[in-house]
Amino acid sequence: MDYEEIVTTSSRERELGMSAAFPVLMRKVYLWMTLALAITGFTAYYVASNEAILTAIITNQIVFWGLVIGELALVFGLSAAINRLSLTTATLMFVLYSVLNGVTMSFIFLAYTASSITNVFFITAGTFAVMALFGYFTKTDLTSWGKILMMALVGIIIASIVNVFTKSEGLAVILNYLGVLVFVGLTAYDSQKIKEMLQQAPDAGEGAQKVALLGALSLYLDFINLFLYLLRILGSRRD
């Protein structure tokens, strides 16, 4: 076997390895994302149904802010230290984040009717699925979307902080619609980015699985934020 045949054979073996690893890794992305959403949903419902826990959170600012800070620490820590963490530790951090997020999201059951929460969830799921599929299958490079959408997201966050003090209902409505547009776009962008990263994985080893886990976290955050913005627009508030 000459040099060219060896190179060709090696290249084909790598392609076969990548093609075998890629669907496994993509399944893991959506499996982890779905698991995290389920954990968040069940946790939110359980906490909302437990008056003692709700009272403890509502009446104790230290507990509430501890939850918020804990969430931020977990998500930023997981993203920043993923290469130094074992897959097991990273997965446990993701699960813990999902639980804490469920605790803080339990308050939506106090503000909105259960039927409207269910309806908005399915609307979110449908919208998310369409945009995730678009991002996955489109031949258009969505890289430029990412920069624009992240700048828009920063603007929404700053405007939302300002609106805490100004309490403008009109601005709140505008921000809700902008939030929907941003996370619809980010769903497509992240879907394409995750696909491209995992296509480069030589195998489905721990390193590639950690990339898949971060992909699941990105899509999880897209789904949760899209759901919350749609809920503010479409949800029916309790009397």
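The values are calculated or read from the model by the stated rules, or taken from the named source; none is laboratory data. Nothing here was measured: the structure is a model prediction, and the numbers come from that model. Cβ placement follows ideal geometry from the backbone for every residue including glycine, while neighbour counts extend to all protein chains displayed.
Of note:
- Within region 100-122, being in a helix (DSSP H, G or I), of a type outside the set (Ser, Thr, Tyr) and buried (at least 16 other Cβ atoms within 10 Å of the Cβ) holds for Leu100, Asn101, Gly102, Val103, Met105, Ile108, Phe109, Ile117, Asn119, Val120, Phe121.
- Sub-6 Å Cβ pairs linking a first residue in region 164-191 that is more than 22 Å from Asp222 (Cβ to Cβ) and at pLDDT below 95 to a second residue that is surrounded by 13 or more Cβ atoms within 10 Å (Cβ to Cβ) and not hydroxyl-bearing (Ser, Thr, Tyr), at least 6 apart or interchain, are Leu171/Asn163, ordered by first then second residue.
- Pick from region 208-239, criterion part of a helix (DSSP H, G or I) and of a type in the set (D, E, K, R), ranking: farthest from Leu181 (Cα to Cα): Lys210
- Applying the criterion of being polar (S, T, N, Q) and either without any contact (Cβ under 8 Å) to a residue 60 or more places away in the chain or in contact with a Ser or Thr (Cβ under 7 Å, 6 or more places away or on another chain) (or both) to the residues of region 192-239, the residue that is surrounded by the fewest Cβ atoms within 10 Å (Cβ to Cβ) is Ser236.
- Total residues in region 193-232, condition over 21 Å from Thr91 (Cα atoms) and either modelled with pLDDT under 95 or of a type in the set (Lys, Arg) (or both): 5
- The set of residues from region 126-150 being surrounded by fewer than 12 Cβ atoms within 10 Å (Cβ to Cβ) and over 18 Å from Leu226 (Cβ atoms) comprises Phe137, Lys139, Thr140, Asp141, Thr143, Ser144, Lys147.
- Scoring Leu85 on the criteria (1) within 26 Å of Lys210 (Cβ to Cβ); (2) in a helix (DSSP H, G or I); (3) modelled with pLDDT of 90 or more leaves a single failure, condition (2).
Table: residues versus (1) surrounded by 13 or more Cβ atoms within 10 Å (Cβ to Cβ); (2) more than 22 Å from Phe109 (Cα to Cα); (3) touching a strand residue (DSSP E or B) at 6+ places or on another chain (Cβ under 8 Å).
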residue	(1), (2), (3)
Ile57	yes, no, no
Gln61	no, no, no
Leu72	no, yes, no
Leu85	yes, yes, no
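- Qualifying residue in region 131-144 (condition: at pLDDT below 95, more than 27 Å from Met26 (Cα to Cα) and of a type in the set (S, T, N, Q)): no
- Filter pass, Thr91 being touching a residue at least 60 places away in the same chain (Cβ under 8 Å), more than 22 Å from Leu186 (Cβ to Cβ), of a type in the set (Ser, Thr, Tyr) and assigned to a helix (DSSP H, G or I): yes
- The condition of being modelled with pLDDT under 90 and over 24 Å from Gln200 (Cα atoms) holds for only one of Leu37, Leu67, Leu74, that being Leu67.
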